[in-house]
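First up is the structure itself, then whatever we jot down about it.
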Amino acid sequence: MRFDTVVGEFNVPPALCNPIGIQLISSSKKKRTGETLEVDMYLFAAGRIPNTADMGLDKAGIQIDDRGRVMVDENLETSAKNVYAAGDVLGPPGLASTGIEQGTAAVSAMFGDVYEGSEAEKGSLKFDPKSYLSAPDRFPIGIWTSPEVSYIGLIKDKALEQGIQAVEGRARYADTTRGRVSRSRGMLKLVVDAEQRDLPVIGVSIFGEDACELVHYGMELVQSKRSLRKVLEATHAAVTYHELYKVAAADIDSQLEFGVQLRQVFTMETLNSAKEAFLDAVKKNRRGSKINTGDDGKIPKNLTIPYSDAEDIARSLSLMNPIDEGVGGPEFTFCQFLEFLRQLRKGQSSSISVRAAELV
């Protein structure tokens, strides 16, 4: 690792039989350091800058920033009235897809009310040039490496930085029939907002074969804030990579204390009340002994409560009538207890609910 240095000019020979010599230049002194790195390969990731230097934009009253990028407003109008800009001259993301969208938005802004469509459709054409930073769900990014990389929305770490209670599910290509048949290596990651009852999808990242194609289903999930339940219920064609979405969704569901089925029938307030009541019952039966929950706040699997306590809690949540007589049953772990409550909410009798909980 070399700090405070940049790469100087170097030649890449037609046949890479010998190491490439790369001279280093001091970033602060703008002079060669005298050091040469010999490498077998290099990654060229210099990026692009707008080619606006010799266009005389300043004479036309068009402002550019210190990197030559044309400054525009949300309608893509420049500082010169009735002059619009779109595409790579605006800087990142510098994609063909976003350039086309910017061009459409600019033409729409030029003609104003001439555009035929609803107000919502007109608003959707506005393109803030900074929206790729402020709204990562605006469009997908595809990197045409081998294998491919693509993403849309938020990754888990970025979501957590924004205060979102994000949960990430993973699916390896080898988890699907298509992946095993093609022997492809790769992974899909799905991120949801676990604070929301319906667990909306807020991010998709893919690394592997056809990632730049697969991300467009992820785009629909993210932009429509599709619930995790809808992803789990979707039926994809057999032997396709789209099954990765369902595998990743199931991985998320397995991590949640209150999963998809419970959130279908209970509010989060009810579920949290049930959790507190369960812990209170455990403390009562342990006569005040300290209970250690996991770092994630989940209740350990070895904690149980008698069936009679589960019945009392169900009555307090209005899932059983006060006059209902208990049928008797085993002690419940927290998972079994939640299943017992879910069956009662579905209208099952307490005896059926006990048997359903025992199967969990």
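Values in this text are rule-based calculations from the coordinates and carry no lab data. Not measured: the values here are computed from a predicted model. Note: ideal-geometry Cβ built from the backbone for every residue, glycine included; neighbour counts use all protein chains shown.
Considering only S184, N285, I141, the residue lying farthest towards the positive end of the dipole of the chain is N285, judged by Cα position with unit charges set on Cβ.
Amide H to amide H, with H built 1.01 Å from N, T33 comes under 5 Å of L24, I25, S26, counting only residues 5 or more places away or on other chains.
Across M110, M41, M187, mean-square fluctuation computed from a Gaussian network of the chain (C-alpha pairs under 10 Å connected) peaks at M41. Taking amide H as placed 1.01 Å from N in the peptide plane, A80 has its amide H under 5 Å from the amide H of Q63, each at least 5 places away in sequence or on another chain.
Phi-derived couplings, Karplus 6.51 cos²θ - 1.76 cosθ + 1.60 at θ = phi - 60°, listed residue by residue for region 181-194: 5, 7, 6, 7, 9, x, 7, 10, 10, 10, 10, 10, 8, 6 Hz, with x used for Gly and Pro. Ordering G68, L57, V39 by the projection of their Cα atoms onto the charge dipole of the chain, which places +1 on the Cβ of Lys and Arg and -1 on the Cβ of Asp and Glu, puts V39 at the extreme positive end. Annotation: amide H of T240 within the under-5 Å range of R178, sequence separation 5 or more or interchain, hydrogens built in the peptide plane. Under 17 Å of direct C-alpha separation, and excluding same-chain neighbours fewer than eight residues apart, K81 reaches these aspartates and glutamates: D58, D73. Result for the chain in a Gaussian network model with C-alpha springs under 10 Å: among V231, V192, V83, the largest mean-square fluctuation is at V83.
For K298, the aspartates and glutamates whose Cα falls under 13 Å of its own Cα, not counting residues fewer than eight places away in the same chain, are E257, E276.
Its Cα centre serving as origin, region 263-358 has a Cβ charge dipole (Lys and Arg +1, Asp and Glu -1) of approximately 200 debye.
Restricting to DSSP H runs of at least four residues, report the calculated mean residue ellipticity at 222 nm for the chain, -39500 (n - 2.57) per run over all residues, nearest 500 deg cm²/dmol.
Working: 13 runs with 125 residues, N = 360.
After summing the helix terms and dividing by the residues of the chain, the value is -10000 deg cm²/dmol.
Residue by residue, region 261-274 carries 3J(HN,Hα) couplings of 5, 5, 5, 5, 10, 10, 6, 5, 4, 5, 5, 5, 5, 5 Hz when phi is fed to the Karplus relation 6.51 cos²θ - 1.76 cosθ + 1.60 (θ = phi - 60°); x denotes Gly or Pro.
Once you keep just the Cα pairs under 8 angstrom separated by 6 or more residues, what percentage relative contact order results for the chain?
On the way: 546 pairs, mean separation 28.8, N = 360.
It rounds to 8 percent for the chain.
In plain terms, if you count all Cα to Cα distances in region 263-358 and split them into 5 Å steps from zero, the share in each step is 2, 14, 26, 26, 19, 9, 3, 0 percent.
Just rank H216, H242, fewest to most, by other beta-carbon atoms within 10 angstrom.
Numbers: H216 14, H242 17.
Going from least to most buried by this count: H216, H242.
A straight Cα-to-Cα reach below 16 Å connects K158 with the aspartates and glutamates D137, E168, D193, E195, residues fewer than 8 places away in its own chain not being considered.
Karplus-based coupling profile of region 157-167, in residue order and whole Hz: 4, 5, 5, 5, 4, 8, x, 8, 7, 8, 10, with θ = phi - 60° in 6.51 cos²θ - 1.76 cosθ + 1.60 and x standing for Gly or Pro. For region 159-279, the dipole from Cβ point charges (+1 on Lys and Arg, -1 on Asp and Glu) about the Cα centre works out to 380 debye, to the nearest 20.
Ordered by the count of other Cβ atoms within 10 Å of each Cβ, fewest first, D137, D54, D4 give D54, D4, D137.
Placing +1 on the Cβ of every Lys and Arg and -1 on the Cβ of every Asp and Glu, with no other charges, gives the chain a dipole of roughly 840 debye about its Cα centre.
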